[in-house]
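The values are calculated or read from the model by the stated rules, or taken from the named source; none is laboratory data. Here the structure is a predicted model, which means the values were calculated and not measured. All Cβ positions, glycine included, derive from the backbone under ideal geometry; neighbour counts span all protein chains shown. For accessibility, only protein heavy atoms count, side chains too; no ligands or nucleic acids. Shrake-Rupley method; radii C 1.70, N 1.55, O 1.52, S 1.80 Å.
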Amino acid sequence: MNTRMTRLLGVALMTMAASILICVPTAIADFTYQPPGELVSGSGTGRVDSTVYVPGMRFPIEDSPAFANSQVWGHGGMNGPGGGQCHDDNYSYPWWDNYCETRQWDMPLCPSGDGHQGQDIRPATCTDKQHWAVAAEAGSITHIGSYSVNLVTADGTRHRYLHMDPASVPVNVGDDVNRGDRLGLVSNAFGGTPTTIHLHYDIRQAVSGVGEVYVPTYMSLVTSYQDLIGEPAQPCGSIGSGGDIIDNQDDCFHLLGNLGTWRTEEAGYAGSLHWTYAYDGDQPDGYARWRLHFDEPGEYEVEAHIEGDYADSKQARYVVRAGGSDLEVQLDQSAGSGWRKLGEFEFVGDDDEWVEIYDNTGEPLSEQLRFVADALRLTAVEEEVEEEEEQEEEEVEEEEGQEEEEVEEQDEQEEGVEEEEVEDPIESDDVGEFVPDTGGAYVDAGLGPGGEVGEESTESFPQSAQPTVVHSRSTCSQTPISPSPFYLLAILAGIWVANRRRWRGRG
């Protein structure tokens, strides 16, 4: 074997041994996002709305990473801080919501009544016509423009894609597409008007009491992106099996609609509440939502906390969404303070269950009647408690009777049994004690998992002594193990093979 081959073999042996011993993880940036409704400073007033309007949708860009932020107020944008559109800040986390960002489009759900209709998303790199936009849901292609594609689903939801390269669009009007099908390459196409390389994506739906409008896309994008990259979405909070309280200061509570109509007072449950005036309009102007996430689905009693000093409305209007149905409840808030029952409801535990309160109660604004949005209490309903208690008492009595009979039988047996010889303690240990065998496993000298005395376990040490495994996000697929003489010998062998000619020459 020549010198070159010898050294290559030595290096290979050392590399193999080192790869077994050492696993160097590749760092992956964690996905983060700003809260919904928080826009870049100076870009307008956002809508605080954590609703996932399209649960289970596919993220509209084929591959990750992707970066949701403002293309107008970002680097390279008309109102940005300077620099080019390929600036690193544009291609980094956290995400920023830009629904309702300052625009002139009529937007009923935006605080100002107008604004940006959807969300700007930059693909993985600042490269034109390289990254595919895909169908968020199955549906039909209803429109293709010079830089736009509309996809409408069976329930009437419209997904709109802007700024794709027209020449790359592989679909035609009337085509049916599946979730994830390619629709076009992300570009800066804008009918001749310059823009940055990004996908504008928006959702249009029929909203109860409002009509067909552009709805916030942000949280639908957040949850679908988390699915894409393998990070499951986390709820704002969870309601335990017995129930819980959601306060107006918690993450699962949101003021919605015209936020300027709401006032905040240091009163009510936990020292804070919101109130506004009732009015007799056809559509709500201001409303609030408590989002519900249950550890255990089931029937729950729902109560609202009322502070009488700020509650004059006699027909406060609540809507409870439970199990896919919307149930309206009226409550006379002026009737008293404390916890007031809205009813008992069957919740299925999906991601679209909530309680909302609206200001369009039907009472004239001229009467200046107030209603409050404070804490909500949910309590699990216990059915047939008395019958269960009686059944438990009967079971206890039966068990006690059986135990007494067993004791009597055991006493009679012991009286007739002669004393046996004591066995060698080396061959028979106390029942239940573990006696190590020569293989490093343990032998259960009592009754093992299979019910046999002295049966050998497959574990090398009891479960309580298992080491804690800490999982880290890494692209390394090998499992690090502790050094042993075999691996050390492999390294030494590699060193010897690589240098044996040199050492022989010296001898």
- [ ] Note the per residue figure in Å³ for the convex hull of the C-alpha positions in the stretch 233-290.
- [x] 128
Task: Rough spin-label spacing in nm, given labels placed 7 Å along Cα→Cβ, for Glu344 and Gln283 - done: 3.9
TODO: Taking the convex hull of the Cα atoms, report for the stretch 47-158 its projected area averaged over all directions, in nm².
DONE: 8.3
Task: Karplus-derived 3J(HN,Hα), 6.51/-1.76/1.60, for each residue of the stretch 99-105, Hz, glycine and proline x - done: 5, 6, 3, 3, 8, 9, 6
Task: Rg/Rh for the stretch 130-174, where both radii come from Cα atoms and Rh is the Kirkwood radius - done: 0.94
- [ ] Give me Rg over Rh for the stretch 186-341, both radii from the alpha carbons and Rh done the Kirkwood way, two decimal places.
- [x] 1.04
Open item on the list: If I ignore ligands, DNA and RNA and count only protein heavy atoms, how much of His143 is accessible to a 1.4 Å probe, in Å² to the nearest 10?
Closed with: 80
Task: Derived scalar couplings ³J(HN,Hα) [the stretch 276-289; Karplus, 6.51 cos²θ - 1.76 cosθ + 1.60; whole Hz; x for Gly, Pro] - done: 8, 8, 7, 8, 10, x, 6, 10, x, 9, x, 8, 9, 9
TODO: Along each of the three principal axes of the Cα atoms of the stretch 24-110, give the extent in whole Å, ordering the values from largest to smallest.
DONE: 52, 37, 21
Task: Radius 15 Å from Cβ of Glu307, net charge of other residues (Lys, Arg +1; Asp, Glu -1) - done: -4
- [ ] Round to the nearest 0.05 the FRET efficiency obtained for Ser64 and Ser41 when R0 = 45 Å and r is the Cβ-Cβ distance.
- [x] 0.95
- [ ] May I have the pair-distance distribution P(r) for the stretch 257-406, computed from all Cα-Cα distances with 5 Å bins from 0 and rounded to whole percent?
- [x] 2, 9, 16, 18, 15, 12, 8, 4, 4, 4, 3, 3, 2, 1, 1, 0
TODO: Considering the convex hull of the alpha carbon atoms of the stretch 175-254, report its projected area averaged over all viewing directions, in nm², one decimal.
DONE: 10.1
